[in-house]
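Shown next, in structure tokens, is the structure this report addresses.
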Amino acid sequence: MAMDEQSKLQLIKEHIGEFVDFPKEGIVFRDIFTSLLDGRVCTAIRDLLIERVKKANAKIDAIVGLDARGFLFGFTISAELGIPFVPIRKKGKLPGKCRSYEYTLEYGSGTLEIQENSVQPGQNVIIIDDLLATGGTLNAANQLVTNLGANVIEIIVIMELKSLNGRANIPSKNIHALIEYD
């Protein structure tokens with residue numbers, strides 16, 4: 001029996017793990033990997049992400065996925081739609097000429113990189129990741145893609161932690177979260 005959108009969202013939310021005081025005291029960590037232990041949830045996530053990408057009001061030239069969970073979801077969408085997948089990784093993990101962007105995290109700082117030839121000026125891309133928290137990582141990805149001249153049509157995440165107000169730290173306001181937590 002086919003599930004509707006709300007049923008799929010509920011199924012996903014029911015399977016997301018919660019780990020109190022991880023990675024440090026006072027944090028409630030929402031774990032997407034726990035939900036992937038159920039094949040029905042994997043299918044629901046895939047279906048919802050693909051439906052969302054198909055709703056874009058533009059031709060999508062590539063899916064950009066963030067290291068590492070964004071790789072799982074981004075590649076799945078790319079394969080389904082027959083369009084390229086572009087990874088954004090932590091500094092030093094990609095070969096060839098790369099662009100870097102340093103950003104601030106909840107627990108420190110980091111640097112992300114994208115290969116310079118991976119997206120072209122004028123291309124339309126969608127950025128995929130599992131989580132929007134403070135917005136540092138997604139802002140870095142957005143900056144990397146736009147610095148190469150591509151257009152970020154939308155940023156899509158599985159979960160958003162609204163209390164951290166990460167959207168305010170990302171210039172692209174076209175952000176979609178499947179599930180929101182206060």
Exercise. What residues of segment 1-40 lie in the reach of a label at S163, counting those whose backbone N is under 19 Å from a point 7 Å from the Cα along Cα→Cβ?
Worked result: 13-14, 16-32
Exercise. Counting other C-beta atoms within 10 Å, which of D47, D61 has the fewest, and how do the rest follow?
Worked result: D47, D61
For this session: Could you please rank E51, E154, placing first whichever residue has the fewest other Cβ atoms within 10 Å of its Cβ?
Result: E51, E154
Problem set entry | Length released on extending from M1 to L105, taking residue separation times 0.36 nm less the Cα-Cα span | 33.2 nm
Seminar exercise, completed: Quick calc: nm separation of the 7 Å Cα→Cβ label points for R52 and E180 -> 1.3 nm
Exercise. Where q = 0.18, 0.20, 0.27 Å⁻¹, what log10 of I(q)/I(0) comes from the Debye formula for segment 1-55, counting one point per Cα?
Worked result: -0.64, -0.73, -1.01
Seminar exercise, completed: Distance in nm between K97 and T34 label points, each 7 Å along Cα→Cβ, equals 4.6 nm
For this session: Looking at the chain, send over the antiparallel percent of its DSSP beta bridges, to the nearest 5.
Result: 40 percent
Exercise. Given the C-alpha centroids of segment 54-95 and segment 153-173, what is the distance between them in whole angstrom?
Worked result: 17 Å
For this session: Would you kindly calculate the translational diffusion coefficient of segment 1-110, applying Stokes-Einstein with the Kirkwood radius from alpha carbon pairs, for 25 °C and a viscosity of 0.890 mPa s, and quote it in µm² s⁻¹ without decimals?
Result: 151 µm²/s
Seminar exercise, completed: Going fewest to most other Cβ atoms within 10 Å around each Cβ, F29, F85 line up as F29, F85
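Bear in mind that the values in this text are calculations on the coordinates, not laboratory data. Computed from a predicted structure; not experimentally measured. When we count neighbours, we look across all protein chains shown, and the Cβ atoms used for this are built from the backbone with ideal geometry, even at glycine.
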